[in-house]
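Any read-out appearing in this document is the output of simple, stated calculations on the displayed coordinates, not a laboratory observation. Bear in mind the structure is a predicted one, so any value in this text is a computation, not a measurement. In this analysis, Cβ positions are derived from the backbone assuming ideal geometry, glycine residues included, and neighbour counts consider all displayed protein chains.
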Amino acid sequence: MSRITTILAITTSAVLFSTPSAFAAEQCMEEGAGWPMVWTAPYPAHRVVGNLYAVGNAGLSVFLITTDEGNVLVNTGLADSTAQIKDNIESLGFSLDDIKLLLTTQAHFDHTAAFAEIKSMTGAEMWATPDDARVLEDGGASDAHFGQCIEFRFEPVSVERQLADGEVFEFGGIEFTTHHHPGHTEGSSSYSWTTTDDGREYRVAIVNMGTINPGKQLLIDPTYPGVAEDFAMTFHKQKEMEVDVWVSSHGSQYNLFAKHRPDMPYDPETFVDPDGLKAAVEALEDLFQQQLNDELN
Ligand SMILES: [Zn+2]
């Protein structure tokens, strides 16, 4: 088993599901199964590069981006993750109160379930792609794959602004580019910007990887119309991205544990990995091709 396949086996939480075929409500979660332990296991908050900080845990990535006009929080963890995120932010010398903008890479509960609480605590606005906005506002009910699964729902959160593909928005003096990367969810997205540290510019991206959840159908009885085309387009776009530092929705997806140790002093070069994104995308593309072949045979 290759390294990336091993990683995927962990991150797609295959342990939760009893069958890999058609997805039905009774298969949402195996009886007595819990969330993967890594989804709550603490990991020290740390500076990634420039104005990008990791404030999530060992399994679920949460990012803080600092700006002169308030901070941006990208993703949450599970519904009870607010205290862990708050502690992580404070351990870096920042405050939850300074969060002014909320973004997500994908509207699945393991990345969104604490948004409603954090929004009410901070008054921050939530911005999202149109398809993820719909799912955020109905608490997961309209998710094409997991919508029937009550245990995968989350407290709905209102969205103030919808972000188009390629849309550049300025926030706190930073120009962020929105990238629609659908497939994993209909509204999955990535965000890129440039940050400066010690006189060097770094092209940074938070990338939502095109993993295929167990039970998802691409061609035969597709999970949603066009899902296979969405994945193919996303892989194509992601391979074209030019980055110095990239991170993603799960630490294992961007090789957090190979790149970083909890006791490491900050060094802006630690996460520099200009070729790693393309390699990671190609590995996922192989799995996608494999599933297409399986569905047709
Ligand atoms: Zn997901």
Could you work out the equivalent-ellipsoid semi-axes for region 138-277, taking the square root of 5 times each eigenvalue of the Cα gyration tensor, largest first, in whole Å?
29, 18, 16
Between 0 and 90°, nearest 10: helix 276-296 axis offset from the chain longest Cα axis:
10 degrees
Looking only at the chain, where both bridge partners belong to it, what percent of the DSSP beta bridges are antiparallel (to the nearest 5)?
65 percent
What percentage of all Cα-Cα pairs in the chain are separated by more than 36 Å?
10 percent
Angle between the chain longest axis and helix 227-240 axis [Cα atoms, degrees, rounded to 10]:
40 degrees
Pair residue 170, residue 296: separation of 7 Å Cα→Cβ label points (nm):
4.8 nm
Could you give the length gained on full extension between residue 201 and residue 137, defined as 0.36 nm per residue of separation minus the Cα-Cα distance, in nm?
19.4 nm
Which aspartates and glutamates have a Cα less than 19 Å from the Cα of residue 119, not counting those fewer than 8 places away in the same chain?
69, 80, 87, 90, 97, 98, 110, 132, 137, 138, 155, 160
May I ask you to order 261-271, 225-235, 95-105, 283-293 by the average number of other C-beta atoms within 10 Å around their residues, highest value first?
95-105, 225-235, 283-293, 261-271
Integer Hz, Karplus 6.51/-1.76/1.60 couplings in order for region 129-144, x for Gly and Pro
5, x, 6, 6, 4, 4, 6, 4, 6, 10, x, x, 5, 9, 5, 4
